[in-house]
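First the structure, in the form of C-alpha cells, and then the observations on it.
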Amino acid sequence: MTTEPILRVESLAKNYGGLQAVRGVDFEVPEGSIVGLIGPNGAGKTTTFNMIAGVEKPSAGSIYLSGNEITGIETHALYHKGLLRTFQLSHEYARMTSKENLMVAASAQLGENIFMNWLASSRVTAREREVQDRAEETLEFLGLTHVSDELAGNLSGGQKKLLELGRTMMSDARLILLDEPGAGVNPTLMLKVIDMIRRLNQERGYTFCIIEHDMDLIADLCENTIVLAEGQILMQGTMDQVRKDERVIDAYFGGEVV
Ligand SMILES: Nc1ncnc2c1ncn2[C@@H]1O[C@H](COP(=O)(O)OP(=O)(O)OP(=O)(O)O)[C@@H](O)[C@H]1O
Ligand SMILES: [Mg+2]
C-alpha cells in the first residue's frame, strides 16, 4: 500500500533577480514523521519554507498537501488546511498575555472573533469557555501555567518557543514547519522544546518539518534529514548517514580538514 505523503515538493525553485536561492528541489514528508532540513547559511532553507507556507511565490515547481496542489496558496488559507509555519511572536502578540495568545490562535482557525468578544464583554458563552479551557490545558501541557497572565513579550526565549508550539496546539494543525526552534533557547528549555515536539508528534499525530543548525536536536528528533546546499538537495538520510557523508562535510567546511 502506498500512502500519500502529507507534503510533496516537486522541482521547486526561487530566483531573486539573478540569484538562484532554490534551484529545483524535490522531497517528501510522510504523514506522522519528523523530517529535518539542514544546510549551511544561505542554502535556501528558509526560502523553501516560505514557498511551502505561501509567504513567497515559487519561480517554478509545485507543492502538494496530501496530494492536493497548494502552490501559490496564501498563508491564511493554508492555515485552514492545517499547514502552519511558526514565526517569532510579532509585536502585536507580545502585548497580549500567554493565555490570550493561545485564545487568538484558536479563534483565527475558526474564523471567529471569540477573542474580541471575550475582551469586550463579561458574558462568556459556552464556546468562549471551551476555548479558555483549551488554552488553560495547553498552558498546563507546556508547563507555562505560572506565566499564563504574563505578557508574551516578557517571556524568556525558550518560553516564547513553547508558546509558539502552544499556538499550533490550539489550531487543528496537521503539518508544522519550524524554522530554528532551538535558536536562542537555553539548554534546559531546549530539552523541553524537544520533548514537546516529540509529544505533539506521538500523542497528537502532528507532522513536523524542522530547520535547525543544532545537529543534536535534529539527531534526537528526526528519522530522516534533508541536506540543502546552494539551493539544491545534497543528500538525505539518517543523521548517522549525514554525518559520514563527504559531500556534507565539504558543503559545511568547504573541504577544509577540521
Ligand atoms: N527576499 C530576498 N531577496 C533577495 N535575496 C534573498 C531573499 N531571501 C533570501 N535571499 C537569499 O537567498 C539565499 C537563501 O537564503 P535563505 O534565507 O533561504 O537561507 P537559509 O538556508 O535559511 O540560511 P540560514 O541558515 O542563514 O537561515 C541567500 O543567498 C539569501 O541572501
Ligand atoms: Mg534561514
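The values are calculated or read from the model by the stated rules, or taken from the named source; none is laboratory data. Quick caveat: nothing in here was measured; it's all calculated off a predicted structure. Virtual Cβ from ideal backbone geometry, glycine too; neighbours counted across all protein chains shown. Accessible surface is based on the protein model in full, side chains and every heavy atom, while ligands, DNA and RNA are left aside. Shrake-Rupley method; radii C 1.70, N 1.55, O 1.52, S 1.80 Å.
Conditions (1) among the aromatic types (Phe, Trp, Tyr); (2) closer than 12 Å to Leu37 by Cβ; (3) open to solvent by less than 10 Å² (accessible area, probe 1.4 Å), marked per residue:
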site	(1), (2), (3)
Asn224	no, yes, no
Val227	no, yes, yes
Thr238	no, no, no
Asp245	no, no, no
Ile249	no, no, no
Phe253	yes, no, no
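Within region 211-234, restricting attention to residues that are closer than 25 Å to Ser171 by Cα and touching a Ser or Thr at 6+ places or on another chain (Cβ under 9 Å), which residue is nearest to ligand 2 (Cβ to nearest atom)?
Taking region 211-234 first, the residues closer than 25 Å to Ser171 by Cα are 211-212, 217-218, 221-222.
Now drop any that are not touching a Ser or Thr at 6+ places or on another chain (Cβ under 9 Å), which leaves 211, 218, 222.
Numbers: Ile211: 6, Ile218: 14, Cys222: 17 Å.
Out of the qualifying residues, it is Ile211.
If the requirement is being within 16 Å of ligand 1 (Cβ to nearest atom) and small (Gly, Ala, Ser), which of these qualifies: Gly82, Gly18?
Among Gly82, Gly18, only Gly18 is within 16 Å of ligand 1 (Cβ to nearest atom) and small (Gly, Ala, Ser).
Looking at Leu217, Leu200, can you tell me which residue is within 16 Å of ligand 1 (Cβ to nearest atom), at pLDDT below 95 and crowded, with 17+ Cβ neighbours inside 10 Å? Talk me through it step by step, then tell me what you get.
Numbers: Leu200 fails: within 16 Å of ligand 1 (Cβ to nearest atom).
Selected residue: Leu217, the only one of Leu217, Leu200 that is within 16 Å of ligand 1 (Cβ to nearest atom), at pLDDT below 95 and crowded, with 17+ Cβ neighbours inside 10 Å.
Would you pick out the residues in region 24-39 that are more than 7 Å from ligand 1 (Cβ to nearest atom) and closer than 13 Å to Glu212 by Cα? Let's see the steps before the verdict.
To start, the set of residues in region 24-39 that are more than 7 Å from ligand 1 (Cβ to nearest atom) comprises 24-38.
Residues satisfying the conditions are Ile34, Val35, Gly36, Leu37, Ile38.
So which residues in region 1-44 are hydrophobic (A, V, I, L, M, F, W, C), more than 12 Å from ligand 2 (Cβ to nearest atom) and over 22 Å from Thr207 (Cβ atoms)?
Ala13, Leu19
Taking region 1-27, which residues are touching a strand residue (DSSP E or B) at 6+ places or on another chain (Cβ under 7 Å) and assigned to a loop (DSSP other than H, G, I, E, B)?
Across region 1-27, the qualifying residues are Pro5, Ile6.
Any idea which of Glu180, Glu128, Glu140 is more than 21 Å from Leu84 (Cβ to Cβ) and open to solvent by 50 Å² or more (accessible area, probe 1.4 Å)?
Values: Glu180 fails: more than 21 Å from Leu84 (Cβ to Cβ); Glu128 fails: open to solvent by 50 Å² or more (accessible area, probe 1.4 Å).
Testing whether each residue is more than 21 Å from Leu84 (Cβ to Cβ) and open to solvent by 50 Å² or more (accessible area, probe 1.4 Å) leaves just Glu140.
Could you tell me which numbered condition Thr47 fails, if it satisfies all but one of (1) more than 16 Å from ligand 2 (Cβ to nearest atom); (2) at pLDDT 90 or above; (3) of a type outside the set (A, V, I, L, M)?
Failed condition: (1).
Looking at region 28-105, what helices (runs of 4 or more DSSP H) fall wholly within it and have at least 3 residues that are under 16 Å from the mean Cα position of the chain (by Cα) and of a type outside the set (S, T, N, Q)?
Values: elements: 45-52, 75-80, 91-94.
Answer list for region 28-105: 45-52, 75-80.
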